[in-house]
Amino acid sequence: MTKPVVLLAEELSPATIEALGPDFEIRHTDGADRSQLLAAIADVDAILVRSATQVDAEAIAAAKKLKVIARAGVGLDNVDIKAATQAGVMVVNAPTSNIVSAAELTVGHILSLARHIPAASAALKAGEWKRSKYTGTELYEKKIGIIGLGRIGALITARLQAFETQILAYDPYVTSARAAQLGVQLVSLDELLEQSDFITIHMPKTPETVGMIGPEAFRKMKNSAYVINVARGGLIDEAALFDALQSGAIAGAGIDVFVKEPSTDLPFFGLDNVVVTPHLGASTEEAQEKAGVSVAKSVRLALAGELVPDAVNVAGGVIDREVRPGIPLIEKLGRVFTALTHASVTQIDVEVAGEIAGKDVKALELAALKGVFTDVVSEQVSYVNAPVLAEQRGINVRLITTEEVADYRNVLTLRGALSDGSQISVAGTLTGPKQIEKIVGVNGYDVEIPISEHLVVLIYQDRPGVVGTVGGILAENGINIAGMQVSRAQDGNQVLCLLTVDSAVPQAVLDSVREAIDASTAREVDLEG
Ligand SMILES: NC(=O)C1=CN([C@@H]2O[C@H](COP(=O)(O)OP(=O)(O)OC[C@H]3O[C@@H](n4cnc5c(N)ncnc54)[C@H](O)[C@@H]3O)[C@@H](O)[C@H]2O)C=CC1
Ligand SMILES: O=C(O)CCC(=O)C(=O)O
């Protein structure tokens with residue numbers, strides 16, 4: 001059997017390959033080389049990148065088998081998440097892998113600027129013993145302004161509080177309670193710019209944040225202020241930074257990230273009051289190992305068809321141990337549901353009844369939709385694009401939970417309204433210590449039959465001899481019946497007969513059954529593959 005292919009598009013820690021294990025074919029490419037990337041991505045199942053590879057809409061369209069894009073780090077500005085979601089491709093990152101490293105580098109930049117360490121070192125190595133030129137400033141009792149008080153901002157706060165600094169922060173999405181918990185004073189952007197001695201930026205790159213630190217912001221800063229960017233190139237307008245440094249509008253800057261990377265000859269590189277590093281925030285042994293292992297685990301889960309806690313374009317999150325067995329069951333129920341439909345679906349209710357209803361069962365909704373669309377569209381259906389497919393078709397989806405259930409510990413039901421006004425439903429459960437997957441209801445008829453790869457659903461007028469007729473036709477065509485349940489409707493003499501058979505039932509055979517017993521419904525549900 002061919003192994004799924006994982007493409008490593010950048011240099012990643014050796015621990016990444018170890019954590020992937022032997023179940024994959026590993027290929028390498030240089031993701032920064034566009035033509036290499038587009039050729040290499042064409043037939044891979046997963047791609048692992050850092051920040052130098054642009055996994056944009058063009059690359060995603062070229063990747064016909066791609067199921068997961070894994071970013072071994074935090075920032076996802078090099079991945080087109082919208083295009084990935086449309087294509088059913090899961091995007092994962094390693095959100096906490098490198099935050100300590102990035103926070104420590106930021107503190108390094110702050111100290112380098114405060115004490116002119118790189119410049120003094122370069123001068124001494126060049127034979128100059130200059131002490132007064134490199135007189136610095138203490139951090140003690142200084143005001144540090146943090147723009148973006150997320151994971152890294154919070155780590156920097158804790159580290160700089162040890163220097164007995166005062167931390168100000170601007171982050172419109174952080175509550176004052178969170179700021180108080182961190183011992184930070186939340187202020188407006190203007191207040192932060194005007195009061196801070198060191199201003200450090202820790203936001204994502206978004207249309208809202210690009211160029212946020214431009215000419216106007218530099219005008220508001222103290223002449224003695226230092227600015228640090230270990231977040232993303234472009235948050236600071238590079239031309240405005242050059243002017244501010246050259247004109248003495250600010251005292252200096254520490255920059256790890258650039259609009260264009262790699263960049264080796266930007267105008268401000270020539271200035272004495274700038275410390276630059278080549279995007280080293282995450283470049284530690286520890287961060288790379290954590291990022292590599294984290295995304296390798298996510299890739300393993302994603303390629304096994306499971307939901308991934310670190311997926312950024314799936315609403316599933318961490319799945320409770322008791323909810324997990326329901327995922328393959330409800331996906332199968334989704335496929336049975338589709339086989340039962342005879343008109344377009346306008347509404348789907350995913351009902352979770354029983355003990356698990358109190359848990360986070362969002363993953364069951366995703367799995368149900370994945371099942372519903374698996375046999376409907378030619379494109380790959382995943383937890384990622386299943387909700388998109390429902391939305392595109394105008395299907396209203398509801399997740400309904402109730403702890404009340406009559407005969408079983410838990411029952412999962414898909415109930416649908418069709419455009420012709422009719423309703424369909426299929427219910428299932430897991431029974432016994434082996435957690436056998438069973439169908440326990442179809443269109444309101446009670447049954448209890450283990451799910452198998454081939455199911456036949458028949459609805460007909462109750463009368464003697466029908467079961468024998470069905471069995472006879474199937475036998476004539478070499479189809480063995482593994483199980484059968486007949487259920488009579490409570491309000492009439494319609495009967496539902498659910499059969500599990502050992503092989504697929506060709507349409508012609510199903511048509512003969514339908515004719516012979518005058519069935520109003522005769523459907524085969526093929527769960528193979
Ligand atoms: N230089 C490097 O090697 C590394 C850089 N990074 C970058 O650092 C940045 C921060 O990462 P995390 O702290 O993990 O992200 P995070 O998502 O935990 O925090 C970002 C914070 O920015 C805030 N924010 C968003 N828009 C804002 C706005 N308009 N004004 C003010 N605040 C705003 C959010 O509310 C959030 O609290 C990201 O851009 C990430 O890509 C992360 C790791 C390494
Ligand atoms: O992988 C890298 O070195 C880039 C790290 C980074 O910028 C991030 O994780 O956002």
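The values are calculated or read from the model by the stated rules, or taken from the named source; none is laboratory data. Note that the coordinates shown come from a computational prediction; the quantities given were computed from them, not determined experimentally. Cβ atoms come from the backbone with ideal geometry, glycine included; neighbour counts cover every protein chain shown. Just the protein is used for accessible areas: all its heavy atoms, side chains included, with ligands, DNA and RNA removed. Shrake-Rupley method; radii C 1.70, N 1.55, O 1.52, S 1.80 Å.
The table for this structure:
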{"item": "Accessible carbon and sulfur surface of segment 429-468 relative to its total accessible area, %, 1.4 Å", "result": "56 percent"}
{"item": "Per residue accessible area in Å² of segment 1-87, where ligands, DNA and RNA are left out and the probe is 1.4 Å", "result": "45 Å²"}
{"item": "Kirkwood-Stokes translational diffusion coefficient of the chain, alpha-carbon pairs, 10 °C, 1.306 mPa s, µm²/s", "result": "59 µm²/s"}
{"item": "From the C-alpha gyration tensor of segment 356-458, square roots of 5λ in Å", "result": "23, 17, 15"}
{"item": "Value of Rg/Rh across segment 1-75 [Cα atoms, Kirkwood radius]", "result": "0.93"}
{"item": "Segment 289-414: translational diffusion in µm²/s, Stokes-Einstein, Kirkwood Rh over Cα pairs, 20 °C, 1.002 mPa s", "result": "141 µm²/s"}
{"item": "Cross-link partners of residue 142 among lysines (Cα-Cα below 17 Å; sequence separation of 8 or more within a chain)", "result": "222"}
{"item": "Qualifying GluC sites (Glu not before Pro) for segment 260-347 [loop in DSSP, other Cβ within 10 Å: at most 12]", "result": "none"}
{"item": "Per-residue SASA entry for residue 518, accessible area with 1.4 Å probe, Å² rounded to 10", "result": "120 Å²"}
{"item": "Cα-derived Rg over Rh, computed across segment 185-334 with Rh taken as Kirkwood radius", "result": "1.17"}
{"item": "Calculated over segment 213-253: convex hull of Cα atoms, volume per residue (Å³)", "result": "54 Å³"}
{"item": "Cα-based shape type of segment 48-128, given that a ≥ b ≥ c are square roots of the gyration tensor eigenvalues and the cut on a/c is 1.5", "result": "prolate"}
{"item": "Taking the C-alpha atoms of segment 320-383, convex hull volume expressed per residue in Å³", "result": "88 Å³"}
{"item": "Range in the chain, longest, excluding exposed trypsin sites (Lys or Arg not before Pro) [loop by DSSP; at most 10 other beta-carbon atoms within 10 Å]", "result": "1-130"}
{"item": "Solvent exposure, largest accessible area first (probe 1.4 Å, DNA, RNA and ligands not counted), of 431, 264, 402", "result": "264, 402, 431"}
{"item": "Carbon and sulfur %, accessible surface of segment 369-424 computed with the full protein complex present, 1.4 Å", "result": "43 percent"}
{"item": "Cleavage-rule hits (chymotrypsin sites (Phe, Trp or Tyr not before Pro)) in segment 111-191: DSSP loop, at most 15 neighbouring Cβ within 10 angstrom", "result": "129, 140, 173"}
{"item": "Sparse-neighbour loop sites [GluC sites (Glu not before Pro); segment 147-205; at most 14 other C-beta within 10 Å; DSSP]", "result": "164"}
{"item": "For segment 139-237, projected area of the alpha-carbon convex hull averaged over all directions, nm²", "result": "5.7 nm²"}
{"item": "Proximal lysines to residue 133, defined as alpha-carbon separation beneath 16 angstrom and excluding residues fewer than eight positions away on the same chain", "result": "125"}
{"item": "Accessible surface of segment 51-122, 1.4 Å probe, proportion on carbon and sulfur as whole %", "result": "59 percent"}
{"item": "Across 67/370; 297/362; 260/297; 82/438; 359/438, pairs whose alpha-carbon gap is larger than 25 Å", "result": "260/297; 82/438"}
{"item": "Angle in degrees between helix 362-374 and the longest Cα principal axis of the chain, rounded to the nearest 10", "result": "60 degrees"}
{"item": "Crossing angle, helix 507-517 versus the chain [Cα axis fit, 0-90 degrees, rounded to tens]", "result": "40 degrees"}
{"item": "Over segment 245-336 - Rg/Rh using Cα atoms and the Kirkwood inverse-distance radius", "result": "1.29"}
{"item": "Proportion of all alpha-carbon pairs of segment 300-343 beyond 16 Å (%)", "result": "50 percent"}
{"item": "Measure of compaction for segment 108-179 (Cα Rg per 2.2 N^0.38 Å)", "result": "1.43"}
{"item": "Reachable aspartates and glutamates, given that their alpha-carbon falls under 14 Å from the alpha-carbon of residue 3 and they are not under 8 places away in the same chain", "result": "23, 25, 43, 45"}
{"item": "Semi-axis lengths, Å, segment 405-529, gyration tensor of Cα atoms, sqrt of 5 times eigenvalues", "result": "23, 19, 14"}
{"item": "CD proxy at 222 nm, helix term only [per DSSP H run n ≥ 4: -39500 (n - 2.57); per residue of the chain; nearest 500]", "result": "-9500 deg cm²/dmol"}
{"item": "Degrees between helix 326-340 axis and first principal axis of the chain (Cα, 0 to 90, nearest 10)", "result": "50 degrees"}
